[in-house]
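I have placed the structure first, in the form of C-alpha cells, so that the comments after it can refer back to it.
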Amino acid sequence: MINYRSIFILLLIVSLSGCSLFRARPLKSAGFLPWPEVVAENRKRAPFNGYWVFDAVEYDLIKNDFQKVYVAPVDTAIVKSMYLETEGDDDIRTERIQEAEQLANYFKSKIELLLREGGVNVAEAPGPKTLSLKLALVQVIPTSPGINIVGTVAGYFVPGGGLLKIAGEGSVAMEGFVTEENQFPILYEQFKDREGQKYRPFSVKDYQRYAHIREILDEWSVQIYGLITTPYNTEVEESTLVSINPL
C-alpha cells in the first residue's frame, strides 16, 4: 500500500532542500584557521560555510607546478577539549575522544586514497614544493540511536511524533587550510564547514552512532579533493540534503 503521507513529506523536503533552513547552522571559527577573519562563503567555488584563497590565478599555477600533497594527521584537540570540559562519566568522555580520533584517522585516509586514485603524488612529509593540507575536526555530535528509536516508534502512533528524531541527529564541523611549509610558510587556502545528517524517510544510519558522520566525511573528502585538483573557476559540487537510500 502506498504511504501518501510519507511521499508528501519527502516531496516537501525536496522542494525546500535548496533552502538554508535545512543546512546545519555554521559555527564561529573554532581557532584552528590561521586567518579566520578573511574566510567567507563562496559557493561558486567551495560548497562550504567559509572559503578563502590568497590569489586564485597564482594558486592554480602553483598547484600545477608542485603536484605533491602532504595530508597531515587530522587535528582533534578542539573536540577533545570540549569533551573534557563537559560534565559526566569519565569513561564516556574517554570513549568519545577515542571515537573522534578514529573519525580523524578515517578522514585523513579517505582523502589520501582519493588523491592517489586521482594520480596525485601523496608525500609522506611536508616540505618545499609540496602542498600541505591541515584539517581539524572542531565539533563532533554523534547520532543518538536511543532517541531515534523513540522517534520512529512515536511517528507511527502520534501525529508529528517522528519529529522527536531531530533531537537525536548527529553533526560534525571541520576547519582546514593549505600551506607550503618551508623557512617562510605560505598560506594558500582556508575553508570551514559544518554539516548535519541527510534527510531520509528511513535510514539504518539513524541507529548507528557515527554512520551519518562518516557519510559527511566521505563527501567532504571528495569536495576537498576537488578544491586541490581543479582550477579556481571550477565549482565544486554541493552535497545533497535529501536521500532515499536507507543504507
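The values are calculated or read from the model by the stated rules, or taken from the named source; none is laboratory data. Keep in mind the model is a prediction, meaning the values are calculated, not measured. Positions of Cβ are backbone-derived with ideal geometry, glycine not excepted, and every protein chain shown enters the neighbour counts. What goes into the accessible areas is simple: the full protein's heavy atoms, side chains included, and nothing from ligands, DNA or RNA. Shrake-Rupley method; radii C 1.70, N 1.55, O 1.52, S 1.80 Å.
A count restricted to the range 113-128 and to residues that are assigned to a loop (DSSP other than H, G, I, E, B) and either hydroxyl-bearing (Ser, Thr, Tyr) or in contact with a strand residue (DSSP E or B) (Cβ under 8 Å, 6 or more places away or on another chain) (or both) stands at 7. Applying a threshold of 6 Å to beta carbon distances and a minimum spacing of six or more residues, or different chains, the list of pairs starting in the range 178-195 at a residue that is more than 20 Å from Ala46 (Cβ to Cβ) and ending at one that is open to solvent by 30 Å² or more (accessible area, probe 1.4 Å) and not charged (D, E, K, R) reads Glu181/Pro126; Asn182/Pro128.
Scanning the range 67-81 for residues that are out of contact with any helix residue (DSSP H, G or I) (no Cβ under 8 Å at 6 or more places or on another chain), among the hydrophobic types (A, V, I, L, M, F, W, C) and surrounded by 17 or more Cβ atoms within 10 Å (Cβ to Cβ) yields one hit, Ile78.
Taking the listed residues Asn64, Asn42, the one that is over 16 Å from Leu187 (Cα atoms) and touching a strand residue (DSSP E or B) at 6+ places or on another chain (Cβ under 9 Å) is Asn42, with no other qualifying. Inside the range 16-60, can you point out the residues that are at pLDDT below 95, part of a helix (DSSP H, G or I) and open to solvent by 80 Å² or more (accessible area, probe 1.4 Å)? Ser20, Leu21, listed by residue number.
Pairs are defined by a Cβ separation below 7 Å, a sequence spacing of at least 6 or placement on different chains, a first member in the range 95-111 that is touching a residue at least 60 places away in the same chain (Cβ under 8 Å) and closer than 25 Å to Gly226 by Cα, and a second member that is among the aromatic types (Phe, Trp, Tyr) and open to solvent by less than 40 Å² (accessible area, probe 1.4 Å); the pairs so defined are Leu103/Tyr210.
In the set Ser243, Ser203, Ser144, Ser239, only one residue is open to solvent by less than 70 Å² (accessible area, probe 1.4 Å), modelled with pLDDT under 90 and farther than 23 Å from Pro26 by Cα; that residue is Ser203. Residues in the range 109-128 that are basic (Lys, Arg) and crowded, with 18+ Cβ neighbours inside 10 Å: Lys110 alone.
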